[in-house]
Each structure stands twice: as C-alpha cells, then as structure tokens.
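The values are calculated or read from the model by the stated rules, or taken from the named source; none is laboratory data. None of the values given here were measured: they were computed from a predicted structure. All Cβ positions, glycine included, derive from the backbone under ideal geometry; neighbour counts span all protein chains shown. We work out accessible area using only protein heavy atoms, side chains counted, and drop any ligands, DNA or RNA first. Shrake-Rupley method; radii C 1.70, N 1.55, O 1.52, S 1.80 Å.
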Amino acid sequence: TGDPVARVAAAELPGGGKLAAWITYVAGGDRAAGGKKGRAARDDAPAARLTVRPIGAGAANLSLAAAPVLVSQNAISAGGLALAPAPPARNKPAETVLAWVAKERGEPQVFVTKLGPDGKKLAQKGVTVIARRGRGKTGLPSEASDVAAAYDGHDGWVVAWVDTRDGNPEVYVAKVDRSM
C-alpha cells in the first residue's frame, strides 16, 4: 500500500541485528539530466526517498523492528544503493556505510552515509562533486548508477559505481575512510 520500491539492500550487522534499505521508484522524475536539449532537470522535480530500517538482534519478524528512518528525499531510483557493515575497530563502534546516488543541484552525485545500528545518520559525504555535461556524443544524459560498497577489512570502505560523465559508461572506484 506504500510507494513503489525500485531497489532493496540488506546487511547483517556485527554484534547482531540487521539493516534493510530501500529506494522508492519515481518514473522519469529522478533523472537529473535529460530535459529539453540536455538541460538539467529542475531541483523541485520529484525525487525518490531513501529509507533504512533497523531490525534488532533476535527479531523474528518485522513487527519487532524499529521504525523506518528517512535518509534522503533526493535519491535517484536508478542510482541504486549498497550497505557495507564494518566491525568495531580502534575505539570506533560498529558502523555501516550506505552508498547511494542523489540529486544535488539538479545533477546525480554519489554519496555515502555512515549509519549506526539504529539506522540513524552518523555522517554523510559526497563522493563525487563533479559538474556534469548534458547529453554527450552518445545522446545519453550524464548519470551515476549501480553503486556498490564493501568494507576494506582495515579502516574504511571501497565504493564503486558506473558513471557516464565521459559520454560512455565506466566503472569508478573511491576509498572512504572511517573518519569520513
């Protein structure tokens, strides 16, 4: 009975519990570029909502889960999402990174949000901050999509995504440390 869902991700947290995340589906409205003659879409165009829901250790069903936490109302459905938990380390608690794509000044940009086990935001950082061109030689808008994230086993996360900033889809990778 709620909004249509575009993408879903889930992760088991160190020490118990889980996080589930989802992006709502917004048809056409969440494209950051591609208006008439390649102009950027308006900032007030509809965007998708990115939500996480913590599920406590031992919860047998969702009725025992905490309430959903809204992370953003500017997400892009086609951007995807990824959860990557990290165990406690060097006086840092267990943390989870949520990688996703948002509309920032009318353009798609990759973000990471560090979440606590309760799903609340601890920190957020833009991974890309590039000015995107309109439609390139291919006629396709410049976009970021298919984000992925993984804990690197030491002091941060590796985030990857597909980006068409140069006119063709290429995989980009960035390292994000735990201090964000």
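What the table below lists for this structure:
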read-out: Verdict on ASP146 being surrounded by fewer than 23 Cβ atoms within 10 Å (Cβ to Cβ), over 11 Å from the mean Cα position of the chain (by Cα) and among the acidic types (Asp, Glu); value: no
read-out: Only one of PRO108, PRO141, PRO169, PRO117 that is more than 20 Å from LEU50 (Cβ to Cβ) and either in contact (Cβ under 8 Å) with a residue 60 or more places away in the chain or open to solvent by less than 10 Å² (accessible area, probe 1.4 Å) (or both); value: PRO141
read-out: Which numbered condition GLY38 misses (of (1) at pLDDT below 90; (2) under 22 Å from ALA99 (Cβ atoms); (3) open to solvent by less than 20 Å² (accessible area, probe 1.4 Å); (4) not basic (Lys, Arg)); value: (2)
read-out: Residue among ALA86, ALA82, ALA102 that is small (Gly, Ala, Ser), modelled with pLDDT of 95 or more, buried (at least 23 other Cβ atoms within 10 Å of the Cβ) and under 21 Å from VAL8 (Cα atoms); value: ALA86
read-out: Qualifying residue in segment 153-162 (condition: assigned to a loop (DSSP other than H, G, I, E, B), surrounded by 19 or more Cβ atoms within 10 Å (Cβ to Cβ) and in contact (Cβ under 8 Å) with a residue 60 or more places away in the chain); value: no
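The rows are residues; the columns are (1) more than 12 Å from the chain's Cα centre (by Cα); (2) hydroxyl-bearing (Ser, Thr, Tyr); (3) at positive phi.
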site	(1), (2), (3)
LEU81	no, no, no
LYS103	no, no, no
GLY106	yes, no, yes
TRP157	yes, no, no
TRP161	no, no, no
